[in-house]
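Encoded as structure tokens, the structure appears first; notes follow it.
All of the numbers you see were taken from the coordinates with simple rules; none came from a lab. Remember, it's a predicted structure, so these values are computed and weren't measured experimentally. Neighbour counts run over all protein chains shown; Cβ positions are idealised from the backbone, glycine included.
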Amino acid sequence: RGRTRQGTAKASDAAMAATVAGAASVKDLFMRLVEQQAAEQRAGMSEMLSDANQESEVIVVGAKNSGKSSLVLGFVNKVDAPKPTTALEYKYARYSSKEGSKVIIANIWELAGDTQLAQLLDVVLSPAKLARSQVIIVADLSKPAEVLRTVNYWLDAVRARVDTCTREMRKTEAGQAALKQLEPHSQSTAPEVRPVGVPVLIVASKFDAFEEMSQSSTEYLQVMAKTLRYFAHANGASLVYTREKDKGLLGAMKRLISRHAFDQEPHNVFQTEYTKGLVVPAGKDSLQHIGHPPGLDGVTDRERLNDTWTRTFQELFPPTPEREQREKKKHVADLEGFAEETVDVLRIQKLKELTQRQARYRAEAAAEAAATASAAAQGAQPRAGMLR
């Protein structure tokens with residue numbers, strides 16, 4: 001158990017527009033903002049951190065309006081109503097042991113939208129931070145035809161970025177040493193499993209809506225569950241369902257995230273009944289438990305399994321490519337209207353805002369440090385913001 005503290009910062013809408021439009025300077029701008037946001041949000045905590053303490057990176061991606069912001073707010077125990085994310089949003093959570101001897105800061109980055117801003121993954125998933133990073137992919141079960149596309153798109157995008165980072169890390173001794181920490185997430189003895197290279201959690205949100213849609217046939221529930229279990233297993237990922245006001249599933253999700261964000265013990269719950277919310281930690285599942293798709297009993301060839309599970313899924317949940325293309329074209333057209341000069345103006349505004357926020361967070365962190373020291377001196381345990 002430990003205490004958490006959270007902060008928020010947003011990159012501008014205009015920067016998002018320029019990113020999609022391909023302006024060369026925008027990625028550099030985001031990188032500078034990302035570094036400054038994280039540093040200034042935690043500026044007042046530097047005195048509380050020691051060499052023995054750590055940081056981790058939690059990167060949240062996935063479908064538009066799938067509940068990414070709600071997931072982040074739930075993890076940091078914040079009850080604010082979620083707001084639309086603009087390009088890239090930052091929060092942090094802090095875990096401290098009961099005796100206060102260990103502190104871990106989890107930097108939480110949320111990428112807005114669907115796949116249009118995937119290049120921002122390069123900003124937050126970097127060689128310097130790869131060994132302490134995890135990725136959360138959120139898919140919306142209330143739109144079942146889009147679930148598999150979302151999951152596979154982001155699995156491929158994360159894998160490609162991890163491969164790029166890995167090549168850079170192999171050039172230095174420090175990078176090679178860091179890669180050893182990732183070996184459990186990049187190796188497998190099962191022929192059908194090809195891990196992504198960093199811890200990945202697939203969150204299938206809005207299970208309650210999908211249950212209601214599936215009342216006419218349990219086949220929908222079964223095929224969705226088996227398909228997601230297979231692709232999570234085949235990529236070395238964890239899988240959890242969530243639904244509104246389900247504290248059990250929310251708790252399971254938080255424990256799966258905390259496993260790597262806060263170096264917690266592995267989550268031992270293994271729930272695979274398709275009429276209930278799935279909870280499947282990485283490494284717990286197998287082809288024997290999942291079952292094979294029709295006509296492939298005993299087959300372990302990864303490509304054949306991938307293709308057959310995809311066909312089986314799409315027969316029940318046909319994709320809608322025409323709609324996807326229309327939405328993407330509209331999104332890009334809307335954003336291309338922003339001028340690059342607007343980005344420059346908002347950059348100055350953003351830096352001023354961050355400078356003002358710095359002083360406030362320093363004061364808050366100093367006050368919290370004093371309260372923690374006072375509580376420790378009195379032998380009392382702090383209660384605010386307990387992570388369950």
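The table below lists the values:
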| item | result |
| --- | --- |
| Rg over Rh, two decimals, the stretch 143-231 (C-alpha only, Kirkwood Rh) | 1.12 |
| Radius 10 Å from Cβ of Gly62, net charge of other residues (Lys, Arg +1; Asp, Glu -1) | -1 |
| Summed residue charge, Cβ within 13 Å of Val158's Cβ, Lys/Arg positive, Asp/Glu negative | -1 |
